[in-house]
Structures are given as structure tokens and as C-alpha cells.
4 protein chains.
Amino acid sequence: MTRIASVQRVAMRHPGDVSGVAALPDPRSIVAILGKTEGNGCVNDFTRAFAVQALCVMLAARMGTTADDVAARIAMVMSGGTEGGLSPHFIVVSVSDTDAPPTGALAIGTAFTRDFAPEEIGRMAQVEATAFAVREAMAQAMIDEVHYVQVKCPLLTSERIAAAGAPVATTDTYASMGLSRGASALGVALALGEVAAVADSAIGVDTSLYSSVASCSAGVELTRNEVVVFGNSAAWAGDLRIAHAVMQDGIDLPAIQAALRGAGLDTGSGQLPPPDAARLVALLAKAEPSSTGRIRGNRHIMNDDSDINATRHARALVGGVAAAATGRTDLFISGGAEHQGPDGGGPVAVIARR
Amino acid sequence: MTRIASVQRVAMRHPGDVSGVAALPDPRSIVAILGKTEGNGCVNDFTRAFAVQALCVMLAARMGTTADDVAARIAMVMSGGTEGGLSPHFIVVSVSDTDAPPTGALAIGTAFTRDFAPEEIGRMAQVEATAFAVREAMAQAMIDEVHYVQVKCPLLTSERIAAAGAPVATTDTYASMGLSRGASALGVALALGEVAAVADSAIGVDTSLYSSVASCSAGVELTRNEVVVFGNSAAWAGDLRIAHAVMQDGIDLPAIQAALRGAGLDTGSGQLPPPDAARLVALLAKAEPSSTGRIRGNRHIMNDDSDINATRHARALVGGVAAAATGRTDLFISGGAEHQGPDGGGPVAVIARR
Amino acid sequence: MTRIASVQRVAMRHPGDVSGVAALPDPRSIVAILGKTEGNGCVNDFTRAFAVQALCVMLAARMGTTADDVAARIAMVMSGGTEGGLSPHFIVVSVSDTDAPPTGALAIGTAFTRDFAPEEIGRMAQVEATAFAVREAMAQAMIDEVHYVQVKCPLLTSERIAAAGAPVATTDTYASMGLSRGASALGVALALGEVAAVADSAIGVDTSLYSSVASCSAGVELTRNEVVVFGNSAAWAGDLRIAHAVMQDGIDLPAIQAALRGAGLDTGSGQLPPPDAARLVALLAKAEPSSTGRIRGNRHIMNDDSDINATRHARALVGGVAAAATGRTDLFISGGAEHQGPDGGGPVAVIARR
Amino acid sequence: MTRIASVQRVAMRHPGDVSGVAALPDPRSIVAILGKTEGNGCVNDFTRAFAVQALCVMLAARMGTTADDVAARIAMVMSGGTEGGLSPHFIVVSVSDTDAPPTGALAIGTAFTRDFAPEEIGRMAQVEATAFAVREAMAQAMIDEVHYVQVKCPLLTSERIAAAGAPVATTDTYASMGLSRGASALGVALALGEVAAVADSAIGVDTSLYSSVASCSAGVELTRNEVVVFGNSAAWAGDLRIAHAVMQDGIDLPAIQAALRGAGLDTGSGQLPPPDAARLVALLAKAEPSSTGRIRGNRHIMNDDSDINATRHARALVGGVAAAATGRTDLFISGGAEHQGPDGGGPVAVIARR
């Protein structure tokens, strides 16, 4: 018996619409659900929690268990924000056993950290617990090469700050999202040897420290980190392959094309031809505004816009570049890439069918 | 003596920063200034009027005349909205005489309509006056092939509606921007024979009627239409060429690449190589959300978002796709493409140096 | 045995936080739950559906029934938008029997119309059925004087429009929400003799026709109107009283004070003294921008702001005025007041403990 | 010869509309113009700079001088943000000589600091220079009692941060607005003996240190602090009086009423009666969200809203409360009250005609 991963992309009509997921066979094989929901992706984005609640209630009924049990077993990683042309969708990741022979295919490992105290968020406690979880997930899934590590992490709210037992890393709720994502990414980097050491003072500050495969998303609905490691494994079966590349800035089309080719797709003269677009199962990328305020020398206004949050601009931009590359808009572009790729850039991973 | 057009792209640090334009030689040769300013591009975007005021005051001092005279002589087309990674900039278009021989180069013609009464906006009176102005500009500049027609048109405000002498086309100030742009675009289409006839009832309704070269932008600061026709002319000198294509939807990278190639640039395997990116002088495109709520079958949320206006999402998307194609972000992506290309798509024009 | 109404105001920490409602005794006596949630109150406000789902799942578990049954028995009226200082909260309305003598107290009556055909929405059929339901609810609860009528009404979707047996009132689904609210409010006005007659052509057009006690909200999940009438009845027991007044514009503090005094509170020299503020159980008001663009002659910018929806500005304004009057921020200020009070104003109702 | 102050409130149709100011007699007597413009009041609010440019160009023409000279002579304090029902307007403050006897009337003093280096903003250098300017303005105008000190101060932009010669107080451009306002307010407090001493570490941190009369507004268009001190002086003539009070929170109607009464107005049973509303010349107040996330125990969502900036919510709230008190919406409510009154509250000043 070998293991085989399956990845299903399912449209949603609104954040509470889980009918597409309900129509999938075998809910017990699901290990993770990633969702791109249409909220603002920032502090008061409740589309993520709404989608999680709807998924848990529906799956609990289908699986004959409780919603809490579903939440404990399946990593739910909702990323808010479908700016520009991005299309809200779920990515349902399942693992099952098969009689088919191993093919060196996509492999998935999951792990959760313990719950964090408010004062641990954005600090070394979160870095180290994340690193431990990444190694645990890799070992469990016998992953040879890691191409994407999805981490869902908590944030600080006014209420959590008031409840903290010690000084928190920041009292700015929005800033806490970035620190939590950054600490989580550095945990991935530490686990994979991308950085040798990290200290509290580097988190959110030293942009030269980063992971090339981490994708971290902060949400108000959880208090622990949830880790899903995607890679290829000689021990797994199936026709899916994953590859990745690192965008050096927000308009790095060549990096996206490299990831697409790495997963076996033909990028042709620019946009994937329709047969290759149809073989694309998922594109997962991080987006963030460059802190310099510039892209290849020209000023952008993301950091100075008080009407639209900078991460929303960044997702819209990278979403447009990735749509140009793929001819699709159901792409998992996630904002806030602190310590996830270089300043203003970020990792991009591609899962494709052979 | 032959005529020669010059196109200068100038960064701005904020909407009132005209220092880059002030540094250009020979202000008297300027016939049009296009600006991409960092407002919301909607009803209460005052960055456009601010930029126009700053340009007029500065140029009046340089030219020894009044700000009103500058506004009457130079077509000022400010388009608000630099969502995603777009970079605020001015495009300064000048025409002068030269002893150089004609080369079949970029040619520019400008014309203005009369002032419109509030009740004429978004109606046939605006269509016909625009068509007349387009023909006048073409003849004046001896343009053989038209590739881009920039129209700046007025909108209705609560005050103008109250002052109208007859029922206006709409009492919704935001909707008036779309009707004014649509009527202007149909005027271009009528002038170029792209449509045979138009009626009031088709404006803003019949999306099958459109121009493939019109780009219309509504602004609170004017009461007439200002028309700038860009094309190639056997009678003009210089090393600039213009070409265009029509994006069928917001992620039509191949159309943008076709326009780039039409202007003599090498699109390579996706993004312009740096030498070709350096020869790109201007990319001008229209963006709008598809009214179907879908892009190639997948739902987008632009039309249902009450936090960010749909045109802002559309500009961000097309800006990302065009940045993927060119490797640049100082692109003139303008929102609101009513009757400017097919539903959800729009014209894209490219000016490049040979 | 007499009937007694109870009204509990319960804070929520986020739109899915129903712990406060879960802590209330006797869920079976609940007849309605009003909620002020922290979304944008516009098209893509999913906080309303999130709260309803959370309430239904929680109450179903407590009552030993299904979520669908809970939704069928309890009128759930979620109103999005807590701009300015407004505080998210639920208002839980219960009715039970008591041995106490009648006191002339707050009485609650509920009634439902038949299901509407799509072509009836926003038209006289909806007006008349609503009027009938209002009279039915009044009779059932023996209400002597009506002070507040909450109506939840359907809207048109693309699917319903396609299924219609006759032309619908509008093919714009967003506009259908306003027409449905307007027709419902005129139904209330007709039932209470506030207007003598209504015609299809007046719905959404003639702002001089309005109810002084109606508060209507449209939701996609129903096809009939659900009516909850709040008034005083000689036959009911308890120490709650309700009163109302009509704000003539958004800054009509004297009208709010009149409603407070009508419910037995002392408005003193401006703001309720703390003992009276503590006796205030609920303040329910409608807010909308004046269509004239002015308040007492001075321009407001609500209708021209493309960053913040006009209804959000209006709720913030009326919320501030009502907070000035009461010294509280947990107030039910709801947007979208078609035919609910005069243009730019709206009804305000107050429930207080004696 | 005695001095006499005049205060004119002038409506504006848009941020560039200075026709109302142009219609005032004697531009040479103007010492300050306060403006409430309709931008977002945050980093990218260009309505302030637009209004300043329009005022300078117009006044330069009327006064036969240059725009730069106008800007150097008249303190221009534009405060963005007219949320809720607030009405955009200018407040033109003039000082002239008169033969009338002194009456103990409104007196105005102005002073400017030197230009600040980026690294001085939000630090003691700014505190001390502001304190010096306040004392200078008081002495110049022989002010006996200070009731309102308007300070306009600079902010950090991405470009200024890059140009700094030393580490700046913050690299977050939005946060720099708060630090600059806070340092300015502490300068006022120091000058008036409201605080004994200040240190860098207290700026933006120790909310127990504040001025009860400071109102500080940050704008991208200047690099120095501009100070206008308003008070009463035994040596000045005229029928204007100023008074102030301190709002303890955002819904402190009684404090606003105390300020109104202090200036000689009758607050009656809540809202100013029309004759008193007509005698109200200006109401100037600061607004900010409480850092606790609560108002009198109830949660507000201002600090957690990533769609609408917290200061916008706060202005809308205080604008509603002040409109309730006065029956007017042309009120100067300014956001961001760091060290200007207690946490969540702020000073309110009233100028009225006797």
C-alpha cells in the first residue's frame, strides 16, 4: 500500500457556500482545505471564519462527528482577499491509500503546534514551535523535497492583548498579523536550513532572512499554528507533481513561468496554452508590497494608501501577473509575505497533473 | 518642414508634483499631457483636478501666460487610480517641426468639442460632437491609421444635475461617468466607421457596439470633451511608432503581446527583455469588470464589492497583466471601458521607439 | 394567564460570537433576534449570514432541533454596519406567559405573508400582503398602539428573475432590495393609515409617502415577508414600554429625545443621566443620506464618496447623534430607509424599563 | 488703536473651490485659514494640498504677490475628513486694527517653527520648537487665557524616510502622523504648563500627558510646524468670545455643551435653539478612537476595521455628537488626538458672537 494525494479545486458562490466541497466523495480522506475567500484579508475579515464554520458544520454531518472534531482533524487555511480578478475557491487536499506503485509524486504532511499565549505571537516561541511542526510533517509524509509550506497562524486582537499575561510583541492589531506570519515563516526557514538562527529582534525587521517555500496566513479564528507541507516523495503514488520558484518582485513573470515549467507545463510564448492551463491544479503564491516603495525603480502607492490596505494592492498585482501567466483566475494568492521570499517578492508553487 | 511627435514619460511624487514636467525643454510644443494620478478614479477623486491645477500654474509661469490659457491650449487627461503596482506618472506629448524627412511615424492630432449642457452628457449630442472632433483631429494631423483616441469627458455632479435645463441621462453621479465615457467612445466608433449608427437607447446598454481604439476618462473638472488622436502618418518624422490590439478579457496577455510586437518590440518568452522594455515609451489600456461577473468561467467579485469600487479592481488586474508583459509599472491603465472594446476587455495601445 | 415580552441586549465579540445568546435562559420563548453586525451593511457583507448561521447552529443544539427549524421559527434580522462608535450586539426578543397582571406593557406580534412570485416583489401585491400581515400581527398581540414594525423581505436574484411568470419590477438585483424594502414599508404605512393609497408607480419614487414606524431589511434567503410588530398593549404584563418619533433629518436630536421621553426616560439637559441610560433597553433607528446632498442647507459628501458607501456615512452620523442623546453606543441604527420616514430622516423607536 | 479678530465660515463645493474665500473683503488681514476638506484625512489625502494650492494662487493674485509669499504669511491648516454628515468648509481668521475700545474679546496669535529634519519628527526637537512657537504667539497677541492652539505639522513619507540623515522615529508613514501630532501637542502642553516635562520615550506612549487645548493636524505638504493660538485678551476689541472644554470620550455631549455655554450660548434642552446656532461662529474639536477598544464599556470596532481607518470612524462619531449639540454640520472635527485630551476624548473649543 502506498499513499496518494489528491487536490481538488472547487468554486464557491459566497464564503458560506460549501456545496462544492459537499459534493466531493470520501470526506474522511481530507487532510487540509485551503480557501481563497472574498473578504479584505485583514483584521476584520470574517469571511474566513464563516467559511470554516460552514465547512465544519457540513463535514461534521457528512462524517457523523462534531464540528469541533472536524476542525481538530483537518487543517483549514482560509486566506482572505480576491482583489483584481481573483476567483473565490476552495482547494481540497486529500490523502488516501492505493495499490498503485509509487511514482515520485506529490506528498502532503500536516502538523499543528500547541496553542500560543498572546505574548508568544510574533516571537521565538512561535518560530520554534513552527519549526518543530514542519519537521514532524515532513517525517510523517516521507517528503524528499519541500516545495511549499502553508502555515495558518493567529493574530492579536484588542481583546487578546488585554488578556495577555506579559507584554505582547505589538499592540497594533494589524501589525500583529505581519509579526505572526513572519515568525511562522522563520520557523519554516529554520526547519529547512534556509536560515541558521533567528532571534526575537530579527522578526519583522531583518528582511534578508526568509524562506523560499513558506506561505503564512494570519486569521482571527485560531490560537495555534497549522502547518501543511507540500513536496514530492519517492514513496507516494499518483500523477501530481509540485515545483516552486521565488518571485524577486511583484511583477516577476519569469519566476512564475519557471515554477510552471518545473511542474511540467509548457509556458509557450507567455500564457499557458489551454491544454496546459487545464493541467494546472493549483498555483499558490505570496504577495507583498516592497518596503522600498518602488518596483524596478518606479514608485508604487501601496504603502501610502489609507483607503485600500497595502496587502490588498499586492494581491491584486500578483494575481494579475499570475493570471497573465496561466490564463486562469482561480489562483491562491495570499498577502503578507514577511520573511517569505525577498522584500517585495515571494514564493510561488505550482501543482500540476502530468 | 515636417512634423515630429515626442512622448516623454515623467514620474510624479504626488499629484501636485509637476517638477518632472517643469524640467522638460520647450513647453510651447506640448499638445497634451496624460496623467495617471493616485486617487480613486471615481467621483470624489480630486487628484486629477489637483494635478491639472498644478500643471496649469507651472506652465503658465514658464510660458508667460495665464493658467486658463494653458488649459485652453493643452489637452489635460488625468486618469485617477494606480491600484496594484501601477506607478503615478505624466505622459507629455509634444509636436514640433523638423528638417528631418518623413518616416511614417507617430502622429498626434487634438481637438475639443464645445461645452455640453448637463442634459447632453451621456446622449447623442455628446456622441456626435465627439465624432466631429475625432475627424477634425485626424485631418489636421494627416493620420493614416488611428491606433488610440484619448477622450477626456465631463460627468454629472449633484450640483450640475440641479442646474440642468432638462432631464439628465441619470441622476446617479457615479453612473454618469460611465454614460459620458460610453457616449464619447461611441463618438470615436462613429467617426472611424466601427459602428454604423448609434441611438440614445444604446448608450450604456448595447455592449456589442464599441470602438477598438477609444479610451475615455471622465473628470469633474471639465464641461467639454477633449480629444487626442494617436496614429501613424506617412507625413510625420521621428522614430516613434504606435500599434494597438483589443483585449478580449482582463487577462488577455496575448493581446498585449500582439500590440507590443506591432510596435516593433520583441516579446520573447513572456516578458519584454530589458532592452525592449527600455524602448517602450507608453502602454495605454482600458480596464473594466465583465458584466457577466465571470472571467473565462470563473467568478470575480468586482461588481459585488461595496468596499472597493469595481473599476479599481479592474485597473489593478489589467495593470498586473500589463506589468507581466512589459516588466514595467509606469503604464497608463484607465478604468471604465464602456463601449471601449468588448465587455470585460478593452483596447491596448503601445508607443515604442524603433 | 397574560403574555409578557422580554428584550435582552447581548454584546458580541465578533459576528460568529453567539455565546451571549447561548447564556440566556429558555431559548424556546425567543420570537425574534435582531443583530447589529460589524460588516459594511452592503452587498458583500457576509457578517449577517455568518451570525445567522452561528445562531441557528447553536440554538438547534440547545433546542434539540435542526438549524432549518430554528430559522423557520425565529425571525432573524441582521443589520450590517457599526460605523463611528456603534457597538455590535444582538437584541433577543422573547414572549412568554405569566401570572402577573396586565400592565399596559410592550407587546410583540409576528406574522408572515404568503410566498411572493418574483414579479410581485417591489409592487402592490407585496404592499397589500404586508399590510394584511401587519394587521394580523396587531390583532394576534392585541396591540393598541404600534411603535415599530420590523419587516424582513425577499429580493430578486438572477435565478428568480429567470423564473418569473411576468416582467419583474427591476432586473437589477441590488435595486430590487430597495424596491422590496420600499414596498414593505408602504405596506406598513397602508395598514396603519399613514397613507391613504399606494400605486406601483409610487414605489421607490414618491418620497412623500412613508411610514413613521417601519424598518425593513431585504434578505436573499426568504420568499415571503416576515413581520414583527412592536407596540404597547393593555393586555400584556411587564415593565417595558415602547415609544417612537420621526427624525426629520440626520441630526434631529430633539426627535430622539421625544422618543426617549415617550418611553418614560428623563432627557435632562441633553444626554440621559446614567440611571435613565441604564433603563434604556433598545433604541432602533433608520438612517439614510438626504438625496438633496444637504443637511439644513450645508453640503454633505455621502452621495459623492466612492471610498465609503453613503449608507455607512449615514449610519455613522445617526449613530453619533443617538449616542449623544443616550450616552450609549449599543444602538440598532440601520441603513436603507426607502419610504421609512422622510427623505434624509427616519423613524426612531425606544424600548425602556419603567 | 486696538486689534480685532474676525472669523468667517465659508462653504466649499470641492477642495479646489476657493470662490467663497475670494469673495471676502480685505485679504491682507487674513492670518490663518482652517479648512475641513473631504479627503480621507490620512496619508494619501491630497485634498489638503489641493486646497492650499488653490488658496495660495487665488490670494496671490488678489494681493499682488506670489503664492509662496502667501504660504509664508498665512497659516493654512487643512484637516481632511468630512465623514458622516460633516460639511466641507473654510474658517478664515483675520486680524485688523480698529478704533473701537478693547472689550476682552477673541485674540489670535500665530508663529511658525523652523523646518524639521525627517529624524526630528515625533521627537523632542519638535516638542521644544513647538513650545517656543506657542509662547511667541501668546506674547505677540497679549493673550490672557488660551482656549485653543491649532498646530499643523509634517509627516514622514517613504521618500522622506529614505532621505533622513539619521534613524527616524517610525518607518510607518501612517504612524508618523500620530507621532508628529503627539509631539506637537506635548509642545503646547509644555508651553502652557499642562505638563512639567516630556521625553522622547513618552511621545505616543504615555497617554496621561496631554494638552487640553491643543489640536494638531498632520499634512504631507509642509516640513515645519505652524501654530495658531486662540484665546481671549483684555486688549482686543470685538464681539467674539472663545471657550473650551475637554471631552472625556467620543460621546461626551455634556462637555460640548459646557464649551457652548462658556462662549455664551444657551444649550436649552439639548440642541442649540436656532438663534444660538446662528451665533455659533466655529466649533473645533479633536476626535480619536479609544485605545481600549471600548466606549463606556461597550466595544467599538474602529481599531479593528481594515476598510475604514480608525480616525475616519472617530471623526464621524464626534461629528454626529457635535451636530446633535449644535444643529449644524459645518464643524471643524479633526482626527488623531494623540496627547490632545484624554485617551478616546479630546478638546472642544467654541467661538461665538455675543
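The values are calculated or read from the model by the stated rules, or taken from the named source; none is laboratory data. None of the values given here were measured: they were computed from a predicted structure. Counting neighbours? That spans all protein chains shown, and the Cβs are built from the backbone with ideal geometry, glycine included. Remember, those area values only see protein heavy atoms, side chains included, never the ligands or the DNA or RNA. Shrake-Rupley method; radii C 1.70, N 1.55, O 1.52, S 1.80 Å.
Residues that are open to solvent by less than 10 Å² (accessible area, probe 1.4 Å), assigned to a helix (DSSP H, G or I) and either in contact with an Asp or Glu (Cβ under 8 Å, 6 or more places away or on another chain) or at pLDDT below 95 (or both) within segment D:312-337 comprise D:His313, D:Ala314, D:Arg315, D:Ala316, D:Gly319, D:Val321, listed in sequence order.
The sole residue among B:Leu283, B:Leu272 that is farther than 30 Å from C:Asp305 by Cβ and out of contact with any Gly (no Cβ under 6 Å at 6 or more places or on another chain) is B:Leu283. Just the residues that are open to solvent by less than 20 Å² (accessible area, probe 1.4 Å) and over 16 Å from the mean Cα position of the chain (by Cα), please, taken from segment D:25-35. Passing the criteria: D:Pro27, D:Ser29, D:Ile30. Note on segment A:294-304: residues that are closer than 20 Å to B:Asp307 by Cβ, within 10 Å of chain B (Cβ to nearest Cβ) and either part of a strand (DSSP E or B) or modelled with pLDDT under 95 (or both) total 1.
Out of C:Asp97, C:Asp68, one residue alone is in contact (Cβ under 8 Å) with a residue 24 or more places away in the chain and more than 27 Å from C:Ala310 (Cα to Cα). It is C:Asp97.
Would you say A:Glu83 is free of Cβ contacts under 8 Å to residues at least 60 places away in the same chain and within 17 Å of the chain's Cα centre (by Cα)? No. One residue stands out among those in segment B:112-125 that are under 12 Å from B:Ala185 (Cα atoms) and not in a helix (DSSP H, G or I): the one that is most open to solvent (accessible area, probe 1.4 Å), which is B:Arg123.
Taken together, the residues in segment D:91-108 that are surrounded by 24 or more Cβ atoms within 10 Å (Cβ to Cβ), touching a helix residue (DSSP H, G or I) at 6+ places or on another chain (Cβ under 7 Å) and under 29 Å from D:His14 (Cα atoms) amount to 1. Condition check for C:His339 on (1) more than 20 Å from C:Ala105 (Cα to Cα); (2) within 14 Å of the chain's Cα centre (by Cα); (3) within 14 Å of another protein chain (Cβ to nearest Cβ): one failure, at (3). Restricting attention to segment C:197-213, the residues that are more than 17 Å from C:Val134 (Cβ to Cβ) and not in a loop (DSSP other than H, G, I, E, B) total 3.
Within segment B:172-191, does at least one residue satisfy the condition of being part of a loop (DSSP other than H, G, I, E, B) and either farther than 18 Å from C:Asp304 by Cα or hydroxyl-bearing (Ser, Thr, Tyr) (or both)? No: segment B:172-191 contains no residue that is part of a loop (DSSP other than H, G, I, E, B) and either farther than 18 Å from C:Asp304 by Cα or hydroxyl-bearing (Ser, Thr, Tyr) (or both). Taking segment B:36-50 as the range and being more than 7 Å from chain C (Cβ to nearest Cβ) and either more than 20 Å from B:Gln8 (Cβ to Cβ) or open to solvent by less than 10 Å² (accessible area, probe 1.4 Å) (or both) as the test, the residues that pass are B:Lys36, B:Thr37, B:Gly39, B:Gly41, B:Asp45, B:Phe46, B:Thr47, B:Arg48, B:Ala49, B:Phe50. Restricting segment C:272-288 to residues that are open to solvent by 30 Å² or more (accessible area, probe 1.4 Å) and assigned to a loop (DSSP other than H, G, I, E, B) leaves a set whose member that is modelled with the lowest pLDDT is C:Glu288.
Of all residues in segment B:246-265, those satisfying the criterion of being in a loop (DSSP other than H, G, I, E, B) and away from every other protein chain (no Cβ under 11 Å) are B:Gln248, B:Ala263, B:Gly264, B:Leu265.
Answer yes if at least one residue in segment C:310-332 is under 13 Å from the mean Cα position of the chain (by Cα), within 21 Å of C:Gly80 (Cβ to Cβ) and more than 10 Å from chain D (Cβ to nearest Cβ), and no otherwise. Checked segment C:310-332: at least one residue is under 13 Å from the mean Cα position of the chain (by Cα), within 21 Å of C:Gly80 (Cβ to Cβ) and more than 10 Å from chain D (Cβ to nearest Cβ). So, D:Thr173, is that one surrounded by 21 or more Cβ atoms within 10 Å (Cβ to Cβ) and more than 26 Å from D:Ala32 (Cβ to Cβ) or not? Spelling it out, D:Thr173 is indeed surrounded by 21 or more Cβ atoms within 10 Å (Cβ to Cβ) and more than 26 Å from D:Ala32 (Cβ to Cβ). From the list D:Glu221, D:Glu128, D:Glu194, the lone residue that is part of a loop (DSSP other than H, G, I, E, B), touching a helix residue (DSSP H, G or I) at 6+ places or on another chain (Cβ under 8 Å) and closer than 26 Å to D:Val31 by Cα is D:Glu221. Residues of segment C:254-271 that are modelled with pLDDT under 95 and not hydroxyl-bearing (Ser, Thr, Tyr): C:Gly268 alone. For the criterion of being touching a residue at least 24 places away in the same chain (Cβ under 8 Å), small (Gly, Ala, Ser) and in contact with a strand residue (DSSP E or B) (Cβ under 9 Å, 6 or more places away or on another chain), D:Ala22 fails. Filtering A:Ser291, A:Ser269 for residues that are open to solvent by 10 Å² or more (accessible area, probe 1.4 Å), within 14 Å of chain D (Cβ to nearest Cβ) and part of a loop (DSSP other than H, G, I, E, B) leaves a single hit, A:Ser291.
For segment B:151-171, a residue qualifies if it is part of a helix (DSSP H, G or I) and either hydroxyl-bearing (Ser, Thr, Tyr) or under 12 Å from B:Glu120 (Cα atoms) (or both), and the qualifying residues are B:Ser158, B:Arg160, B:Ile161.
Could you list, in sequence order, the residues of segment A:192-216 that are touching a residue at least 60 places away in the same chain (Cβ under 8 Å), among the hydroxyl-bearing types (Ser, Thr, Tyr) and open to solvent by 10 Å² or more (accessible area, probe 1.4 Å)? If the condition is that a residue be touching a residue at least 60 places away in the same chain (Cβ under 8 Å), among the hydroxyl-bearing types (Ser, Thr, Tyr) and open to solvent by 10 Å² or more (accessible area, probe 1.4 Å), then A:Thr207, A:Tyr210, A:Ser212 are the ones that fit.
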